[in-house]
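Asker: I'd like to ask some things about the structure below.
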Amino acid sequence: MGHVIVVGGGPVGVVAALAAARSGFEVTVLEAAEQVQDDPRASTLHPSTLEMLDDLGLVDELISVGLVARHFDFWDKPSRSLVARLDHDVLRHETRFPFVVQTEQHKLARIGLHRLAEMPNVEVRLGCTFTSLEQSADSVVVHAQTADGPVRLTGDWVIGCDGGRSAVRKGLGIEFEGYTWPERFVVLTSLFDFADAMSCSYRSYFADPSEWSNLFKVAGEDLKGRWRVVLPTSVGESDEQALSDEASMQRLERICPGASQGEIVHRKIYRVHQRVAAQFRVGRAFLAGDAAHVNNPIGGLGLNCGIHDAVELLEALDDFRGSRNEDVLDAYERRRRDLNIRYVQQQTVSNKKRLEEKDPVVRAQRLDELRAIASSEESQRVFLRRTSLLESVREPHASA
Ligand SMILES: Cc1cc2nc3c(=O)[nH]c(=O)nc-3n(C[C@H](O)[C@H](O)[C@H](O)COP(=O)(O)OP(=O)(O)OC[C@H]3O[C@@H](n4cnc5c(N)ncnc54)[C@H](O)[C@@H]3O)c2cc1C
């Protein structure tokens with residue numbers, strides 16, 4: 001049957017574990033935290049990801065605690081004018097989910113962990129921190145630390161889904177190639193109703209040479225709705241200054257006058273990177289999700305790509321169980337690493353450049369390109385296939 005040890009019970013880890021359990025593997029999930037962390041990170045689940053989560057039986061519950069967003073917007077922030085509104089419904093002939101779902105990632109992790117707890121072939125160990133691994137030709141031994149002391153587990157495969165600072169990746173000696181942006185990203189969560197005030201979509205990107213912004217509506221725990229605002233710190237600004245009342249209110253006011261009147265219910269600051277692991281596989285150990293790649297959040301692609309990694313890796317392990325063909329395992333690394341670079345790294349960097357462009361001529365060109373894309377169903381379709389990662393998951397798998 002095979003035993004898969006998943007390190008990390010975040011959103012990618014739970015999807016990997018559910019996919020492994022569905023394929024009949026024995027599964028152990030090791031999660032360092034005692035409970036799911038609910039800091040504001042991913043919320044946008046694209047059509048390509050909804051298809052996979054639906055196959056795992058999760059979509060209805062995710063929609064019930066989130067928001068369905070058919071449209072998304074690009075705005076010119078200095079003039080507060082709408083540049084382009086794109087409609088996912090143009091993808092209706094290509095996917096059964098021609099929309100995105102805005103559901104906070106901790107809800108996915110929580111729902112996934114509940115499902116896993118009900119499965120006879122799964123064990124979830126919370127408060128269990130991976131420390132090291134060793135492997136032979138036919139097994140892998142994982143060492144972890146718990147409040148009651150060290151534990152040792154033997155499995156057939158280990159999947160590192162333990163986030164950007166992955167101890168699994170470090171333990172395997174894999175380089176995390178790329179760079180860190182000098183500015184940090186501020187995330188403010190506000191009860192101000194931006195859609196009511198400025199008729200923007202639930203996912204709106206604002207281009208501005210002095211301070212780009214992203215706006216997202218999420219349901220929140222009470223399902224009453226709240227807005228996440230993502231913006232960069234300015235040069236020389238400390239984290240404390242950026243998160244101060246004064247700076248937070250000024251940032252909200254610059255997006256929409258009156259927005260500072262809404263209660264700010266959460267503030268957080270993130271360091272942002274563009275990095276891809278040099279390898280996604282070493283023998284019986286694999287990386288998936290942020291352990292394998294990190295990127296800026298403009299475009300909402302990091303988690304989506306991580307979920308695609310997890311689902312495709314379990315397909316490969318399932319295939320290997322029948323075929324014993326090593327190449328299906330190497331193909332996981334070749335394909336997922338390449339897709340991350342060509343779709344996620346490329347798009348998130350160019351999304352950021354488009355929003356922060358300072359040269360007035362280039363800036364006007366970028367905004368005109370968006371207007372042109374929005375002007376026809378066919379150009380929207382081409383654009384949205386790429387930005388929703390539908391094109392990446394539909395790329396044929398090279399034959400093993
Ligand atoms: C502001 C912001 C907005 C974002 N928005 C989006 C978006 O809209 N769409 C999108 O696709 N992506 C988005 N992202 C990216 C997204 O948050 C990440 O890609 C996602 O969290 C990756 O999930 P993961 O499960 O790989 O890693 P994580 O969420 O980091 O989970 C890793 C898990 O591993 C556990 N762990 C760590 N070390 C160990 C250990 N040694 N032993 C055991 N367990 C361990 C951790 O406790 C954690 O539970 C955003 C990111 C940020 C910062």
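The values are calculated or read from the model by the stated rules, or taken from the named source; none is laboratory data. Keep in mind that what you see is a predicted model, and the values were worked out from it rather than measured. Every residue, glycine as well, gets a Cβ built from its backbone with ideal geometry; the counts of neighbours run over all protein chains shown. Side chains included, ligands, DNA and RNA excluded: accessible areas come from the protein's heavy atoms. Shrake-Rupley method; radii C 1.70, N 1.55, O 1.52, S 1.80 Å.
Asker: Out of the residues in the range 44-99 that are among the aliphatic types (A, V, I, L, M) and within 15 Å of HIS308 (Cβ to Cβ), state the one that is surrounded by the fewest Cβ atoms within 10 Å (Cβ to Cβ).
Answerer: Checking each candidate, the answer is LEU56.
Asker: State all residues of the range 324-346 that are under 24 Å from LEU231 (Cβ atoms) and surrounded by fewer than 19 Cβ atoms within 10 Å (Cβ to Cβ); if no residue qualifies, say none.
Answerer: The answer is GLN346, and nothing else.
Asker: Considering only the range 116-193, give the strands (runs of 3 or more DSSP E) lying wholly within it that have at least 1 residues that are open to solvent by 30 Å² or more (accessible area, probe 1.4 Å) and in contact with a Phe, Trp or Tyr (Cβ under 8 Å, 6 or more places away or on another chain). Don't jump to the end; show me each part of the working.
Answerer: Values: elements: 122-126, 129-135, 140-146, 149-155, 157-160, 176-180, 185-190.
Fully inside the range 116-193 and qualifying: 140-146.
Asker: What's the total number of residues in the range 1-41 that are more than 30 Å from ARG226 (Cα to Cα) and in a loop (DSSP other than H, G, I, E, B)?
Answerer: Adding up the residues that qualify gives 5.
Asker: Would you mention how many residues in the range 123-141 are away from the ligand (no atom under 14 Å from the Cβ) and hydrophobic (A, V, I, L, M, F, W, C)?
Answerer: Of the residues in the range 123-141, 3 are away from the ligand (no atom under 14 Å from the Cβ) and hydrophobic (A, V, I, L, M, F, W, C).
Asker: Which members of the range 1-32 meet the condition of being within 10 Å of the ligand (Cβ to nearest atom) and surrounded by fewer than 24 Cβ atoms within 10 Å (Cβ to Cβ)?
Answerer: The one that is within 10 Å of the ligand (Cβ to nearest atom) and surrounded by fewer than 24 Cβ atoms within 10 Å (Cβ to Cβ): ALA32.
Asker: Looking only at residues in the range 151-185 that are within 9 Å of the ligand (Cβ to nearest atom) and of a type in the set (A, V, I, L, M, F, W, C), which one is nearest to LEU215 (Cα to Cα)?
Answerer: PHE185
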